[in-house]
Amino acid sequence: MLYSMYELGHLSVAPLRIAALMQSSMLRSPLNPMADSEVARTAAAASELFESVTRRYRKPAWNLPTTTVEGVDVPVTPKSVWSSPWCSLLHFERDAEALVQARGERTDPTVLLVAPMSGHYATLLRSTVEAFLPEHDVYITDWSDARMVPVLAGRFDLHDYIDHVMAMLRNLGPETHVVAVCQPGPLVLAAVSLMAEEDDPCAPVTMTFMGSPIDARLSPTVPNKLAETRDIEWFKQNMIHTVPTLYPGAFRRVYPGFLQLASFMGMNLSKHVDAHQLYFQNLVKGDGDSTEKHRLFYDEYLAVMDLSEEFYVGTLREVFQEYSIARGTFEHRGQLAKASAITKTALLTVEGENDDISGIGQTQAAYAICSNIPEHMRQDYIQPGVGHYGVFSGRRFKTEIYPRMRDFMRSHQAGAKRKPSLKLVSGQ
């Protein structure tokens, strides 16, 4: 019922949204003699603000047409190389001729970026992909919006997620580096554990966890505490709803994206209110650079996807309530996921000093769990001055975090001369 009411609300304001767009266009038209007056600018800004807060934000485009390699612009084409109803493995294919022209016949390391399946689309990692492209062969998990997956495609839970990660690693082959950003950390760790137990040749050569709740008991944040204070039945009754008939996934039970967005924004509501007030002021002033920056951020931030009920509930239970992966008790289809079996995959953890989603120590917990990874194959880095999103995007990611990830991966490539890693590094 709630989902249907939400859709009805969107449809009911559609005429007003169209009227606001028309009014803004008319007021800003060069044919309008009053266009540059303060009254016209203010009215146009109000119309644009109304349109932006009532719009339905669709999945953003990747917008990564080229990358620069050794000063040469290399065309990039995202291509799906493996898929299921729930995920596409996207390869950011760089033009072969331009690549050889730029840096010869050198082979770049293969990196699988496992994007969060926690509300936002994989495009949230656009700047992560952008940073890796010049020096790596980049792949990313492009998870499907549950409301777009027909019920006949079946269910999707934590075990299916782990199966997908293992299948993609096997598709990419040996010497792949896997990077888990936020939510997928525990599940990627389980997948690598299972592959290590089987001595799978396609187990990744390195695994990097970035702001991940490997052990959510440590430095609990607001989302962690909320998960602990309610039982599973409460979440099922209050957070799970049925997809209406407007979508291909009609009748599927999901955790809707709009509820997730409300939770995201509620954590920092005053910050978002201030941002939109500043956006309005910049629209009035005609500050195009600032307004474009605001639009780019919120076009991504406000685009959200639904999660299947079984995946959402399973994540709550296993990661945030029972901590089964951290405790070493998690079973995947009857097989215990033993992180102690990992001995050949090097481990890097990255945390943000001001992370209010995954607190300091939650990602570092991987070292205690992966007890048999040799000391020289471990490295931890804490980035000063950044919050959760700064761990994988923004200036400090590109200038301080990414170079460390690149160097760590290259130091553990087959045949590389491995140097001892630092146990703990801060941002000096």
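The values are calculated or read from the model by the stated rules, or taken from the named source; none is laboratory data. As the structure is a computational prediction, the values presented were derived from the model and not from experiment. Heads up, the Cβs are rebuilt from the backbone with ideal geometry, glycines too, and the neighbour counts pull from every protein chain shown.
The table below lists the values:
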{"read-out": "Residue list for segment 286-335, filter: assigned to a helix (DSSP H, G or I) and without any contact (Cβ under 8 Å) to a residue 40 or more places away in the chain", "value": "G288, D289, S290, T291, E292, K293, H294, L296, F297, S324, R327"}
{"read-out": "Residue ranges of helices (runs of 4 or more DSSP H) in segment 96-211 with at least 1 members under 28 Å from A368 (Cα atoms) and in contact with a strand residue (DSSP E or B) (Cβ under 7 Å, 6 or more places away or on another chain)", "value": "126-132, 158-172, 185-197"}
{"read-out": "Selected residue [surrounded by fewer than 18 Cβ atoms within 10 Å (Cβ to Cβ) and modelled with pLDDT of 95 or more] from E197, E233", "value": "E197"}
{"read-out": "Odd one out for Q281, checked against (1) modelled with pLDDT of 90 or more; (2) more than 26 Å from Q183 (Cα to Cα)", "value": "(1)"}
{"read-out": "Single residue of segment 318-353 satisfying the filter (in contact with a Ser or Thr (Cβ under 7 Å, 6 or more places away or on another chain) and surrounded by fewer than 19 Cβ atoms within 10 Å (Cβ to Cβ)) that is farthest from L158 (Cα to Cα)", "value": "S340"}
{"read-out": "Leading residue by the ranking (modelled with the lowest pLDDT) among those in segment 54-69 that are exposed (fewer than 13 other Cβ atoms within 10 Å of the Cβ) and over 18 Å from Y139 (Cα atoms)", "value": "R56"}
{"read-out": "Residue in segment 40-56 that is under 29 Å from the mean Cα position of the chain (by Cα) and within 23 Å of H164 (Cα to Cα) present", "value": "no"}
{"read-out": "Residue pairs meeting the criteria (Cβ under 6 Å; at least 6 apart or on separate chains; first over 15 Å from F320 (Cα atoms), in segment 357-373; second part of a loop (DSSP other than H, G, I, E, B) and at pLDDT 95 or above)", "value": "A366/I214; C370/I342; N372/T343; I373/I342"}
{"read-out": "Selection count where residues are farther than 18 Å from S393 by Cβ, without any contact (Cβ under 8 Å) to a residue 40 or more places away in the chain and either charged (D, E, K, R) or surrounded by 20 or more Cβ atoms within 10 Å (Cβ to Cβ) (or both), scope segment 95-136", "value": "7"}
{"read-out": "Scope segment 70-92; condition surrounded by 18 or more Cβ atoms within 10 Å (Cβ to Cβ), over 22 Å from the mean Cα position of the chain (by Cα) and assigned to a loop (DSSP other than H, G, I, E, B); matching residues", "value": "none"}
{"read-out": "Verdict on Q260 being touching a Gly at 6+ places or on another chain (Cβ under 6 Å) and either at pLDDT below 90 or polar (S, T, N, Q) (or both)", "value": "yes"}
